[in-house]
1. Compute, for the chain, the length of the dipole vector about the Cα centre, with Cβ point charges of +1 (Lys, Arg) and -1 (Asp, Glu) only. Units Debye, rounded to 20.
2. For Lys155, give me every one of the aspartates and glutamates with a C-alpha distance below 14 angstrom, ignoring sequence neighbours fewer than eight places off in its own chain.
3. Suppose we look only past 26 Å in the calculated P(r) of segment 4-184. What percent of the Cα-Cα pairs does that tail hold?
4. Quick one: Cα convex hull volume of segment 88-130, Å³ per residue?
5. Please give the contour-minus-distance gain from Tyr37 to Asp71: 0.36 nm per residue of separation, less the Cα-Cα distance, rounded to one decimal in nm.
6. What is the P(r) of segment 6-110, as percent of Cα-Cα pairs per 10 Å bin from 0?
7. Any idea which of Leu17, Gly148, Tyr37 is furthest toward the positive side of the dipole for segment 4-184, if Lys and Arg beta-carbons carry +1 and Asp and Glu beta-carbons -1?
8. What value, in deg cm²/dmol to 500, does the helix sum -39500 (n - 2.57) over DSSP H runs of n ≥ 4 give at 222 nm once divided by the residues of the chain?
Amino acid sequence: MSDVIIRGATERDADALAVVHVRTWQETYCGKVPQEYLDQLDPAHRRQGWRQWIQQDRPPAGTLVLDHERDGVIGFINVSPSRDTDTDPQLVGEIVAVYLLPTFWGQGAGRLLMEAGMLRLAKAGYREIVLWVLETNGRARRFYEAGGWRADGSKKTDDSRGFPYVEVRYRYTVDIDSMTAKIASWDLSPYPGG
């Protein structure tokens, strides 16, 4: 994708982040979580949460957005030290969330977001990164596995939404030299020709 830039999120992005978050949930989890839950999701209810989340971001934690030349913010990734009690947050980073509007799936945008988030964590000194994914989200699991991630056998169930949401943990070991070389080859200048 040559018509995008990756940049740090600002409070001005809260509305767009809320839309990406909700629309992606509604598409991704259709048939995987109760439809009535998906139907009640509303970006207006997420905006303030996004403003607060961005205000609280402190490196190495942070949100990066994928900003499309014509369409604005089309995706985001949020990273932090690992929140898991069985990992050391000084040594293990976490991809907390990565979402991309469905119309941009399959075009390399998700890979750009993942690699940018992973590079942020690697530059902060993390050599191992974890993420959690819905157990039944085969598309995401295939995406992570194609990128070198492996399920590590950990599983958790979140009942806070009124239904069981079972997630599995994936783990990635960072090779900083190959990651840096790959990222250096990208053209992430603002909109080519613009």
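Please treat every number below as a calculation from the coordinates, not as lab data. For clarity, every value in this text was computed on a predicted model and none was experimentally measured. Heads up, the Cβs are rebuilt from the backbone with ideal geometry, glycines too, and the neighbour counts pull from every protein chain shown.
1. 120 debye
2. Answer for Lys155, where 14 Å is the Cα cut-off: Asp84, Asp86, Glu135, Glu167, listed by chain and number.
3. The answer is 28 percent, as a whole percent.
4. Considering the Cα atoms of segment 88-130, their hull volume per residue is 62 Å³.
5. 9.5 nm
6. Pair shares across the bins are 14, 42, 34, 9, 0.
7. It is Gly148, whose Cα lies furthest towards the positive end.
8. That calculation yields -10500 deg cm²/dmol at 222 nm.
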